[in-house]
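Enquirer: What follows is a structure written as structure tokens; I'll ask about it next.
The values are calculated or read from the model by the stated rules, or taken from the named source; none is laboratory data. What you see is a predicted model; the values in this text were computed from it and never measured. For neighbour counting, all protein chains shown are included, and Cβ atoms are generated from backbone atoms with ideal geometry for every residue, glycine included. Just the protein is used for accessible areas: all its heavy atoms, side chains included, with ligands, DNA and RNA removed. Shrake-Rupley method; radii C 1.70, N 1.55, O 1.52, S 1.80 Å.
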Amino acid sequence: TAPPLPAEIQGVVATEVERQLKAFREEMEGKLAEVRERTVDDAATIVVFSGDLDKVLAAFVIATGAAAAGLRTSMFFTFWGLSALKKKGAHQGSKNVMEKMFALMTPSSSESLGSSKMNYFGAGALMLRKMMKDKQIASLEELMGVAKDLDVKLIACTMSMDAMGIAEEELLDDLTYG
């Protein structure tokens, strides 16, 4: 081990470290203040990119909880998440062959979403919905109604709609598009 530095040198080093740390601290406090100015503290946004029943349910539970707590809440639905916003039995309009095939392979409404695990050709989602009903837990469609009542803003991703061949007419009313 090295011998200890004389007290005079230790004092000079301590003063210099303190000076540099003070400047760094002031810089960090300034940056933190800038971030605080840009940060919204009364809003929540949830991105829904899955079309799995359990994941969409979780998103609506979080969204309705945030809205009930007084936060301005929005949900952004992209790619597979758009399936939750499809109107049951909606006319699909004119689609090319690929878009028609895609529409056949994706859920036609929130009622036909599969579960992320143990789906077994839809049996998993049916079992989950039955167990929720038996335990008087709100269904996805009921949570969607609660979200509407709480003014949760539902936003459909237009880029994903274009990529997947989904028209506005196929989606629920009162959506925002972005």
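Enquirer: Tally the residues that are among the aromatic types (Phe, Trp, Tyr) and under 19 Å from residue 43 (Cβ atoms), restricting the search to segment 56-85.
Expert: Number of matching residues: 3.
Enquirer: Which of the residues spanning segment 47-104 are charged (D, E, K, R) and open to solvent by 40 Å² or more (accessible area, probe 1.4 Å)?
Expert: Across segment 47-104, the qualifying residues are 52, 54, 55, 72, 87, 88, 99, 100.
Enquirer: Sticking with this one: Looking only at segment 105-118, count every residue that is under 14 Å from residue 83 (Cβ atoms) and open to solvent by 30 Å² or more (accessible area, probe 1.4 Å) and tell me the total.
Expert: Summing the residues that are under 14 Å from residue 83 (Cβ atoms) and open to solvent by 30 Å² or more (accessible area, probe 1.4 Å) in segment 105-118 gives 6.
Enquirer: State the number of residues belonging to segment 31-45 that are surrounded by fewer than 17 Cβ atoms within 10 Å (Cβ to Cβ) and either of a type in the set (Gly, Ala, Ser) or at pLDDT 95 or above (or both).
Expert: Number satisfying all stated conditions: 3.
Enquirer: Could you please tell me which pairs satisfy a Cβ distance under 7 Å, a separation of 6+ or placement on different chains, a first residue in segment 7-22 that is on the phi > 0 side of the Ramachandran plot and exposed (fewer than 10 other Cβ atoms within 10 Å of the Cβ), and a second residue that is in a helix (DSSP H, G or I) and modelled with pLDDT of 90 or more?
Expert: Listed pairs, sorted by first residue: none to list.
Enquirer: Something else now. Which residues, counting only those in segment 148-176, are of a type in the set (A, V, I, L, M), in a loop (DSSP other than H, G, I, E, B) and open to solvent by less than 60 Å² (accessible area, probe 1.4 Å)? Let's see the steps before the verdict.
Expert: Kept after step one, since they are of a type in the set (A, V, I, L, M), are these residues of segment 148-176: 150, 152, 154-156, 159, 161, 163-164, 166-167, 171-172, 175.
Narrowing the set further to residues that are in a loop (DSSP other than H, G, I, E, B) leaves 150, 152, 166-167, 172, 175.
Scanning segment 148-176 gives 152, 166, 167, 172, 175.
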